[in-house]
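The values are calculated or read from the model by the stated rules, or taken from the named source; none is laboratory data. Only a predicted model underlies this, so the values are computations on that prediction, with no experimental measurement involved. Cβ placement follows ideal geometry from the backbone for every residue including glycine, while neighbour counts extend to all protein chains displayed.
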Amino acid sequence: MALSDNDRSIAAFTMLAHAIVHWFELAIPIFLVVWLDAFDVSVALVGLIVALGYAPFGLGALPAGLLADRYGPKRLVLVCLAGMSVTFVTLAFANSIYAVAASLLCWGIVASIYHPAGLALISTGVESRGTVFAWHGIAGNVGIALGPFATATMLLVLEWRLVAVALAVPGILATAYGLRAQFDPAAALGDSDDSDGGDDASASTGSLSAREFASNSRTLFASSFLLVFAVVTFVGLYYRGVLTYLPELLNNLPAMEGIEPPSSLEELSLGDYFYVGLLVAGMAGQYVAGKLTSRVPVARGLIVAFVGLAILAVAFVPVSSMGLVVILLYCGVLGFALFAIEPFYQEAVAVYTPPETRGLSYGYTYLGMFGLGSASIALGGFLLDHATMATFFVTLSSIALVGAGISVKLLVGPAPRETRSTDSATAPDD
């Protein structure tokens with residue numbers, strides 16, 4: 001089915017915004033390596049500060065969803081894009097690690113707006129939702145890969161403060177594009193005349209009262225969604241822990257230290273590019289797993305993915321003492337597996353929740369994934385500072401095994417509430 005002009009306009013706007021969100025998000029772990037030296041602080045302190053920035057990225061999902069209902073998703077997405085850009089500019093003026101913390105905290109708050117607002121815009125404005133959700137997910141992964149790649153590359157020739165400002169430029173341009181974009185945000189509802197040219201005039205009609213919010217939340221958590229929420233939280237704990245510290249860990253491997261870079265390059269750059277390779281491999285994992293969600297029961301797919309991630313976590317220590325080719329191969333496999341789990345948990349939310357609470361369900365999903373999941377950043381920093389790298393990866397493996405156990409309970413529990421629709425997204429939103 002061909003996309004309408006309105007579908008294409010919303011797709012372009014949300015794809016660009018989704019890529020920019022993750023462009024900023026995955027640039028932060030690259031800066032972590034720089035901040036350790038720039039401010040002469042411990043890994044534990046920097047980990048805690050990065051966690052402070054990432055936590056509201058998920059914790060703000062629920063209030064952001066309610067604000068999107070009240071003020072309209074397009075307005076909220078524009079606030080998100082502009083706010084993220086401004087907070088990265090403020091990083092350039094940070095004269096202490098605590099000023100960095102303040103900027104990251106503000107970034108997390110405004111970044112939390114995107115997913116509930118962007119999803120709301122697609123769900124109410126797009127007729128061919130399945131197609132647009134798929135492209136939307138791909139755009140997010142492009143940002144996931146390009147953010148750290150661009151950051152690492154610019155750090156080779158620019159001071160980190162200038163890099164922070166440069167990273168804000170695409171966000172500013174995306175905001176300018178969004179201000180000019182014209183579309184009907186309610187076209188898929190069948191009750192809009194498209195006369196508002198993309199303004200969110202009818203945005204507040206679907207907002208929940210406090211009593212409805214509490215009632216729907218109780219209904220959700222009295223069902224199998226409680227297990228789904230737990231699964232997503234453990235995905236987030238693993239995801240945040242491994243992606244935050246992997247650049248620093250890769251850069252300190254003996255195999256990386258044995259490379260003599262050109263005089264214009266810093267020694268940390270090779271590990272950063274291995275990290276980017278991991279993120280690129282994640283696109284393949286996302287695509288393959290998205291196809292499998294229509295053929296494999298979602299709980300079974302989650303079990304396989306979690307067990308694979310558990311094995312890969314404990315494999316890092318022996319692999320780290322091997323050659324560059326083996327390490328690069330490991331990064332590719334880890335990236336594939338890490339992002340392959342996402343289509344399965346996204347599908348789990350869809351099949352284990354009723355349609356009338358779907359928006360609220362995805363709000364809680366991001367709360368678990370990005371909010372509660374960020375706890376592993378602080379924990380990881382503590383373990384790497386006060387224990388060993390092996391302890392850190394054994395902890396990640398344990399997190400994955402707990403997720404697998406919860407998925408087993410999901411598999412043997414009540415049947416999903418609904419079957420998979422032909423128009424459901426086969427690529428994860430995140």
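Odds and ends about this structure:
- Among (1) more than 21 Å from Phe382 (Cβ to Cβ); (2) under 18 Å from the mean Cα position of the chain (by Cα); (3) modelled with pLDDT under 95; (4) not small (Gly, Ala, Ser) - the single one Pro73 does not satisfy: (2)
- Of everything listed in (1) at pLDDT 80 or above; (2) under 26 Å from the mean Cα position of the chain (by Cα), the single unmet condition for Asp184 is (2).
- The set of residues in the range 240-252 being of a type outside the set (A, V, I, L, M), surrounded by fewer than 23 Cβ atoms within 10 Å (Cβ to Cβ) and either in a helix (DSSP H, G or I) or in contact (Cβ under 8 Å) with a residue 24 or more places away in the chain (or both) consists of Glu248, Asn251.
- Leu52 meets the stated requirement of being assigned to a helix (DSSP H, G or I) and surrounded by fewer than 22 Cβ atoms within 10 Å (Cβ to Cβ).
- Options Phe316, Phe336: the member that is under 30 Å from Met256 (Cα atoms), in contact (Cβ under 8 Å) with a residue 12 or more places away in the chain and under 22 Å from the mean Cα position of the chain (by Cα): Phe336
- Of Leu67, Leu45, Leu105, all but one fail to be over 17 Å from Leu16 (Cα atoms), in contact with an Asp or Glu (Cβ under 9 Å, 6 or more places away or on another chain) and either in contact (Cβ under 8 Å) with a residue 40 or more places away in the chain or not in a loop (DSSP other than H, G, I, E, B) (or both); the exception is Leu45.
- Residue in the range 412-422 that is in a helix (DSSP H, G or I), closer than 23 Å to His136 by Cα, modelled with pLDDT under 85 and polar (S, T, N, Q) present: no
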